[in-house]
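Every read-out reported here was derived from the displayed coordinates using simple, explicitly stated rules and does not represent laboratory data. Remember, predicted model here, so these are calculated numbers, not experimental data. Virtual Cβ from ideal backbone geometry, glycine too; neighbours counted across all protein chains shown.
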Amino acid sequence: MKRHRATAAVLSVLSMGLGQLYNRQFGKGILFLCIQIASLIYLIPRAGHGLWGLFTLGEQAQQRVKVGKITKVIQGDHSIYLMIDGLIIALIILLVVGIYIANIYDAHRIGKVRDTGGKTNNFIQTYKFVTDRYFPHLLLSVPAFGVLFLTIMPILFTIMLAFTNYSSPGHIPPAKLVDWVGFQTFADLIQLKSWSGTFLGILKWTVIWAVVATFTTYFGGLLVALLIEQSGIRFKKMWRTIFILPYAIPQLISLLVMRNLFNGQFGPINQYLKAFGLGTLPWLTDPFWAKVTVIVVNMWVGIPVSMVLILGVLTSIPKDMYEAAEVDGATAFQKFRIITMPFILFSTAPILITQFAGNFNNFNVIFLLTGGAPVNGDYQYAGHTDLLVTWLYSLTLNFSQFNMASAIGIIIFIIVATFSIINYRRSRSFKEEDMIQ
Amino acid sequence: MRKRNSIFRLSISYIILIIIAIGALYPALWVVLSSLRPGASLYSEHLWPDHFTFAHYKELFHNKQFQYGKWYVNTLKIATLTMIFSTTLMTLSMYALSRFRFKGRQTTLTIMLVLGMFPSFMSLIAIYIFLLQLNLLDTHTAIVLVYSAGSVLGGFLVKGFYDTVPRSLDEAARIDGASHMQIFVRIMLPLSRPVLTYIALTSFAGAWVDFIFARLVLRTKEKWTLAVGMWDMVNSFQNSNFTLFAAGAVLIAIPITVLFIFLQNFLVQGLTSGASKG
């Protein structure tokens with residue numbers, strides 16, 4: 001009785017597709033065989049070297065050898081290329097192993113159908129079955145491939161960097177090799193005075209910034225929304241359009257423009273202050289005022305979004321609640337306090353957390369407006385307004401401290417993930433999605 | 001008494017609204033007027049120029065240093081392709097994740113959430129080396145690929161939308177013998193027009209203004225996008241030629257701003273539908 005399933009499975013273990021051929025599913029069998037041949041052709045010359053590179057990160061650095069009177073450069077191993085190659089090879093091996101297991105499973109399953117006297121599908125039937133039963137998998141396969149190589153692989157690579165000593169000046173390939181160092185980078189970040197001071201200082205400002213930026217934009221948006229939605233205000237649509245404008249202008253442009261508006265010497269803001277007989281302010285050059293400026297500008301950028309969201313909530317509050325309150329003789333303020341505010345807070349609480357996480361990583365506002373300046377002498381490669389994420393950026397692109405940047409990226413991830421988990425536990429679309437219908 | 005109160009309340013509200021409106025409009029007005037002002041300096045006596053000139057706009061297209069026309073075409077091409085690919089990928093994958101219950105679905109959703117929490121340019125170096133080895137560096141294909149693949153992770157909005165479409169619709173169609181693809185094309189796509197417009201718009205705008213990945217991937221001047229060119233302009237001589245920068249800024253901002261204002265109803269729907277469902 002068990003003849004077919006066992007034989008088919010064993011044949012498929014020996015080589016992909018053999019079990020299918022044995023099951024007389026020739027189209028599928030040939031497809032599996034082709035996949036196997038292609039992956040073997042790809043992997044055999046590469047797999048060994050790739051994995052060796054991943055584990056050792058190279059053994060021979062670039063060398064200069066004197067041959068007679070000329071120095072010749074002998075190319076050594078480039079640790080970073082070896083690492084990324086190794087990672088890609090490892091991912092491909094995993095992929096092939098996955099297909100291999102699916103192949104054995106499939107051979108066994110079809111064998112079972114034959115054992116129990118069922119009819120097996122031919123290739124066209126299989127095709128129809130797959131597009132029906134595995135429709136979602138088919139839809140997801142293309143994006144999954146893109147995400148695997150352009151998001152997952154890079155993130156894995158960067159996480160791995162945090163456990164190496166890949167940094168300037170001592171360990172930059174091709175001249176030098178990079179080595180695995182375990183948790184040394186994290187230890188340095190906490191123990192070395194210069195790094196830990198910078199890290200804690202920036203972390204503190206990042207948290208203050210995220211809290212203040214979230215609340216100012218939220219309550220600013222609330223204020224504007226309430227003003228527009230008052231009974232008696234006319235041209236509601238016009239006001240909304242005007243206030244949406246800052247959101248419609250690309251941040252790249254509006255923030256670079258703001259940088260000029262707040263220019264200490266020639267900017268119009270200081271000109272107006274002078275015209276009114278007030279002193280000028282060092283908007284972007286003084287540590288304190290630079291922080292004020294980024295928060296004010298962030299309000300300009302962020303209020304429209306909150307406004308739109310809150311306007312949406314306001315229109316969804318049932319009108320009869322207000323009517324009932326009026327019958328009971330509630331004043332306008334009481335209506336606001338008892339009906340409007342709880343309603344808004346209840347439906348926007350998840351957004352508040354999302355916005356907090358967004359502000360925590362608000363790269364654009366800081367990078368385009370101040371670029372982290374003014375420079376802080378006590379900090380390692382950072383300025384007064386730098387957030388963790390802009391610090392990460394400049395560590396990577398300007399100062400080549402790749403291992404430290406990766407460690408910081410991991411820490412940012414842990415912080416943001418904590419907030420997001422709190423949020424998604426409450427979010428309907430993730431947890432109770434089947435309950436909507 | 002009550003009437004007087006309400007007039008007082010309304011006039012205060014109008015005053016506040018007008019002040020905020022000036023605050024919202026001023027930067028835009030200022031940069032547009034600056035771009036039309038003769039001279040090159042940031043400083044000017046008045047907001048309103050003495051006379052208007054289009055010289056800065058002409059210079060953008062004629063100065064050999066800029067190749068502004070070329071960048072405009074590049075950007076248009078990249079943004080349009082990105083919009084098409086990422087909207088397609090996002091809609092298809094989110095439809096699958098919302099509509100079907102299959103093994104590994106929750107895992108996929110969790111992985112997507114987790115990946116979305118990493119700062120996006122943590123992957124800069126790896127993507128650079130990866131593209132270098134594929135010989136794709138400095139090509140527009142690469143940048144479209146990077147944008148489109150990255151967009152999928154931001155698709156929860158679309159999923160939230162499909163979650164709200166009643167399942168009885170597709171069940172009825174299934175009984176009538178429609179295949180999954182037919183249901184998707186004939187029923188779901190027409191229904192999801194608002195959310196599609198929203199993500200198409202945001203992905204177009206995203207590609208239009210991104211300079212981080214674009215600067216990394218596009219190395220030669222002829223291949224640049226507007227945002228990269230603009231960024232270069234700001235870094236090299238912002239203060240010495242502010243009016244030229246202003247003209248460039250206006251040209252970059254106008255298409256996006258006009259689109260957003262005209263499609264603001266879709267925008268509002270998109271933002272709020274994402275909100276109530278996370």
Quiz item: How would you rank A:406, B:11, B:98, going from fewest to most other Cβ atoms within 10 Å of each one's own Cβ?
Solution: B:11, B:98, A:406
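If you take every residue apart from residue A:58 with its C-beta less than 12 Å away from the C-beta of residue A:58, what net charge results, scoring Lys and Arg +1 and Asp and Glu -1?
Result for the local shell: -3.
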Quiz prompt | Neighbourhood charge, 12 Å Cβ-Cβ cut-off, centred on residue A:76 and excluding it, Lys, Arg +1 and Asp, Glu -1 | solution = 0
Self-check item: Exposed-loop-free span, longest in chain A, where GluC sites (Glu not before Pro) count as exposed if DSSP calls them loop and at most 14 other C-beta atoms lie within 10 Å
Solution: A:60-431
Exercise. Mean Kyte-Doolittle of at least 1.6 plus a Cα span of 20 Å or more along the axis: flag which DSSP H helices in chain A meet both, please.
Key: A:26-43, A:287-316
Self-check item: Kirkwood hydrodynamic radius of the protein assembly as shown, from inverse mean 1/r over distinct Cα pairs, in Å
Solution: 29.0 Å
Exercise. Please give the average number of partner chain Cβ atoms lying within 10 Å of the Cβ of each residue in A:364-371, rounded to a whole number.
Key: 1
Quiz prompt | Mean residue ellipticity (222 nm) of chain A, computed from DSSP H runs ≥ 4 via -39,500 (n - 2.57), nearest 500 | solution = -22500 deg cm²/dmol
Quiz item: How would you rank B:64, B:159, A:335, going from fewest to most other Cβ atoms within 10 Å of each one's own Cβ?
Solution: B:64, A:335, B:159
Exercise. Could you give log10 I(q)/I(0) at q = 0.17, 0.18 Å⁻¹ for region B:48-166, computed by the Debye formula over C-alpha point scatterers of equal weight, without solvent?
Key: -0.98, -1.04
Self-check item: Kirkwood estimate for chain B, i.e. one over the average of 1/r between Cα atoms, Å
Solution: 22.2 Å
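Could you calculate the contour length gain from residue A:204 to residue A:335, that is, 0.36 nm times the residue separation minus the distance between their Cα atoms, to one decimal place in nm?
43.3 nm
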Practice problem: Would you please put A:148-154, A:95-101 in order of how densely packed they are, using the mean number of other Cβ atoms within 10 angstrom per residue and starting with the highest? | Solution: A:148-154, A:95-101
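If I take every Cα pair under 8 Å that is 6 or more residues apart in chain B, average their sequence separation and divide by the length, what percent do I get for the relative contact order?
Relative contact order comes out at 32 percent.
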Self-check item: Translational diffusion of region A:3-182, µm² s⁻¹ [Kirkwood Rh, Cα pairs; Stokes-Einstein; 25 °C; 0.890 mPa s]
Solution: 125 µm²/s
Practice problem: Report, in whole Å, the centroid distance computed from the Cα atoms of region A:278-355 and region A:27-86. | Solution: 57 Å
Exercise. Report, in whole Å, the centroid distance computed from the Cα atoms of region B:1-30 and region A:98-114.
Key: 71 Å
Quiz item: Taking H as built 1.01 Å from N, whose amide H comes closer than 5 Å to the amide H of residue A:164, not counting residues under 5 places away?
Solution: A:181
Quiz item: By the scheme Lys and Arg +1, Asp and Glu -1, what is the net charge of all other residues having a beta-carbon under 14 Å from that of residue B:31?
Solution: +2
Quiz item: Rounded to the nearest 500 deg cm²/dmol, what is the calculated helix-only ellipticity per residue at 222 nm for chain B, with -39500 (n - 2.57) per DSSP H run of length n ≥ 4?
Solution: -23000 deg cm²/dmol
Quiz item: Can you give me the relative contact order of chain A as a percent, contacts being Cα pairs under 8 Å and 6 or more apart?
Solution: 16 percent
Self-check item: Under 5 Å, built H, 5+ apart or other chain: amide partners of residue A:383
Solution: A:376
Practice problem: Using the number of other C-beta atoms within 10 angstrom as an exposure proxy, rank A:343, A:367, A:402 with the fewest first. | Solution: A:343, A:367, A:402
Exercise. Bin width 5 Å, alpha-carbon pairs only: give the P(r) of region A:278-437 as whole percents, running from 0 to the bin holding the largest distance.
Key: 2, 7, 12, 13, 14, 13, 11, 10, 8, 5, 3, 2, 1, 0
